[in-house]
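The values are calculated or read from the model by the stated rules, or taken from the named source; none is laboratory data. The model shown is predicted, which means the values in this text are computed figures rather than measured ones. Every residue, glycine among them, receives a Cβ derived from its backbone with ideal geometry; neighbour counts consider all protein chains shown. Accessible surface is based on the protein model in full, side chains and every heavy atom, while ligands, DNA and RNA are left aside. Shrake-Rupley method; radii C 1.70, N 1.55, O 1.52, S 1.80 Å.
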Amino acid sequence: MKKLLIASTALVATAGMATADITMSGYAEIGMVDYGTAVGMEMHSDMDVTFKLSGASDNGLTFGASIDLDEVSSGIASTGGPHAVHVSGGFGTLTMGDTDGALDKANAEVASLTAIADDHTAHSGYNGGAGLDSNDILRYDTTYNGFGISASLAQSDVAVANDVIAYGITTTLGTVALSAAYQDNNTQDITAVSAKSTVGGLGITANYSEATMGTAATSYEHTGVGLAYTLNGVNLHANYGVYDYDDGTNADGYGIAANYGLGGGATVMVGYGNGTAQGATADVTTFSVGLGLSF
């Protein structure tokens, strides 16, 4: 994404001072979407402004923060959007805020590319990997002997809910990136594994998760697979996912996306999704087409 530098400050060597950078970037969408309802095709426009801050202390610590400002019906939301703050050093990296938990960070999602309505990741068979996470997360990341190691605590805003503890580990075996992760809130837990590689220009990602959620209707096994390929400058993607619930029901779906870069930050995006929800007798189809504009 093209960066627009709005402020950059270099503070000369003075005790307690640091170097800092502030950058702003923007993203907008324009197009048409069909959410699979009786309304049919609708006009769609969206925009985001993201601020990223970074700095370094005299003793070698690096630190940063990011916040995403989204538009709302009455203007820009005064409270801002997702935000996170991180501090890094020889000990590893601590990140706090609206960020991925350890399971979500480690587990490779089967989706790639983007669409203005995210049709390829909104179908009933897709699993984004967040699991039990909340929006308030503290995560620790480090590396050791070729392994990436993460641990996180997701704190609930609801007094009666339990906090979520998660662990994740990643490594590479030959050309295959592997992961295993686990999260638990004392009454529910999820275990997930994933593998990702490229063979002859074809990107292949597969993941599997098993969740114990307290009832047979909510406990599940999920399997997902995704493919990515570039043909004549067009980036193509397809994914499929299925939930098998312990009560014998299931939910599944597939998604397709295509992106073509026009240069200068403009991308033509097409998305399609089709899925059948748990207990449903009919599937739902969604579609979108438009431009993604990066500033």
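Whether any residue in segment 144-155 is in contact (Cβ under 8 Å) with a residue 12 or more places away in the chain, closer than 28 Å to GLY275 by Cβ and in a strand (DSSP E or B) is what I want to check. There is at least one residue in segment 144-155 that is in contact (Cβ under 8 Å) with a residue 12 or more places away in the chain, closer than 28 Å to GLY275 by Cβ and in a strand (DSSP E or B). The residues of segment 47-59 that are open to solvent by 50 Å² or more (accessible area, probe 1.4 Å) and over 11 Å from THR23 (Cα atoms), listed by number, are MET47, ASP58, ASN59. Hey, among VAL225, VAL268, which residue is open to solvent by 30 Å² or more (accessible area, probe 1.4 Å) and farther than 24 Å from LEU173 by Cβ? Answer to the check: VAL268.
Conditions tested, residue by residue: (1) surrounded by 15 or more Cβ atoms within 10 Å (Cβ to Cβ); (2) under 20 Å from GLY168 (Cβ atoms); (3) at pLDDT 95 or above.
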residue	(1), (2), (3)
LEU69	yes, no, no
VAL72	no, no, no
GLY75	no, no, no
GLY101	yes, yes, yes
ASN107	yes, yes, yes
ALA111	yes, yes, yes
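The numbered conditions (1) open to solvent by 20 Å² or more (accessible area, probe 1.4 Å); (2) under 20 Å from ASP244 (Cα atoms) are all true for ILE190 except (1). Whenever a residue of segment 187-215 is without any contact (Cβ under 8 Å) to a residue 40 or more places away in the chain, its partners that are outside any strand (DSSP E or B) and open to solvent by 70 Å² or more (accessible area, probe 1.4 Å), lying with C-beta atoms within less than 6 angstrom and at least six residues away or across chains, give the pairs SER197/THR175. Residue-level check: of (1) of a type in the set (Ser, Thr, Tyr); (2) part of a strand (DSSP E or B); (3) closer than 17 Å to GLY125 by Cβ; (4) more than 21 Å from the chain's Cα centre (by Cα), THR218 misses just (2).
Against the condition in contact with a Gly (Cβ under 9 Å, 6 or more places away or on another chain) and over 19 Å from TYR240 (Cα atoms), how does SER156 come out, does it pass? So SER156 does not fit the description; no.
Checked against the criterion of being open to solvent by less than 40 Å² (accessible area, probe 1.4 Å) and farther than 30 Å from SER294 by Cα, the candidates TYR208, TYR220 yield just one match: TYR220.
The lone criterion from (1) part of a strand (DSSP E or B); (2) surrounded by fewer than 18 Cβ atoms within 10 Å (Cβ to Cβ) left unmet by GLY248 is number (1).
Scanning segment 238-295 for residues that are under 23 Å from SER25 (Cα atoms) and hydroxyl-bearing (Ser, Thr, Tyr) yields a total of 3. Say we look at segment 141-183 and pick out the residues that are at pLDDT below 95 and either of a type in the set (D, E, K, R) or within 17 Å of the chain's Cα centre (by Cα) (or both); which of these is most open to solvent (accessible area, probe 1.4 Å)? Taking the candidates together, the pick is ASP157.
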